[in-house]
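Engineer: Here's a structure for you.
The values are calculated or read from the model by the stated rules, or taken from the named source; none is laboratory data. In this text the structure is predicted, and so the values were computed from the model without any measurement. Every residue, glycine as well, gets a Cβ built from its backbone with ideal geometry; the counts of neighbours run over all protein chains shown.
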Amino acid sequence: MNEGDVILTSIRQADGVAKNRPAVVLRIMPGFGDRLVCGVSTQLRHEVKGFDDLLDESSSDFAASGLQRASIIRLGFLAVLPNSNIIGKIGSIDAVRHQRLLERLASFLTER
């Protein structure tokens, strides 16, 4: 799996329950090649404006994403996963969206 891929994987939610869901690969981590991913949700009401990223039918990369419905890429829902936890690739986001996600996350992590 490559950076910018939309994958299907099991991610533990805040309530402790693991659920198969789509996620976006943000970075391949050094060392063992684990993937830093962020969860994708169809619960649009949970969008954090200016942080999460909306991916809907009007988005140029929606069809390539493999997602079935409008979704938010939730930068606050992060996980680091080994390749063995990834069920498969369902699509990808474009390079511009991927870069925007990385910049938003980096900006948040470095602001004081």
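Engineer: Considering (1) free of Cβ contacts under 8 Å to residues at least 40 places away in the same chain; (2) surrounded by fewer than 18 Cβ atoms within 10 Å (Cβ to Cβ); (3) among the aliphatic types (A, V, I, L, M), say which one residue 79 fails and leave the rest.
Structural biologist: That leaves (1) as the condition not met.
Engineer: Quick test of your reading of the structure: residue 25 fulfils all but one of (1) under 15 Å from residue 84 (Cβ atoms); (2) of a type in the set (Val, Ile, Thr); (3) part of a loop (DSSP other than H, G, I, E, B). Name the failing condition by number.
Structural biologist: Of everything listed in (1) under 15 Å from residue 84 (Cβ atoms); (2) of a type in the set (Val, Ile, Thr); (3) part of a loop (DSSP other than H, G, I, E, B), residue 25 misses just condition (3).
Engineer: Restricting the search to segment 60-71, which residues are free of Cβ contacts under 8 Å to residues at least 24 places away in the same chain and surrounded by 14 or more Cβ atoms within 10 Å (Cβ to Cβ)?
Structural biologist: 62, the sole residue that qualifies.
Engineer: Then there is this: Taking the condition at pLDDT 95 or above, surrounded by 14 or more Cβ atoms within 10 Å (Cβ to Cβ) and farther than 20 Å from residue 45 by Cβ, does residue 74 pass?
Structural biologist: no
Engineer: All but one of (1) surrounded by fewer than 19 Cβ atoms within 10 Å (Cβ to Cβ); (2) of a type in the set (A, V, I, L, M, F, W, C); (3) assigned to a helix (DSSP H, G or I) hold for residue 87, so report the exception by its number.
Structural biologist: Only one criterion is unmet by residue 87, namely (3).
Engineer: Condition first: surrounded by fewer than 11 Cβ atoms within 10 Å (Cβ to Cβ) and part of a loop (DSSP other than H, G, I, E, B). Now tell me which residues in segment 31-47 satisfy that.
Structural biologist: Once the filter is applied, which keeps residues that are surrounded by fewer than 11 Cβ atoms within 10 Å (Cβ to Cβ) and part of a loop (DSSP other than H, G, I, E, B), segment 31-47 yields 31, 32, 33, 43.
Engineer: Within segment 1-30, take every residue that is exposed (fewer than 14 other Cβ atoms within 10 Å of the Cβ) and small (Gly, Ala, Ser) and give me the one that is nearest to residue 101 (Cα to Cα).
Structural biologist: Step by step, filter segment 1-30, then rank; the result is 14.
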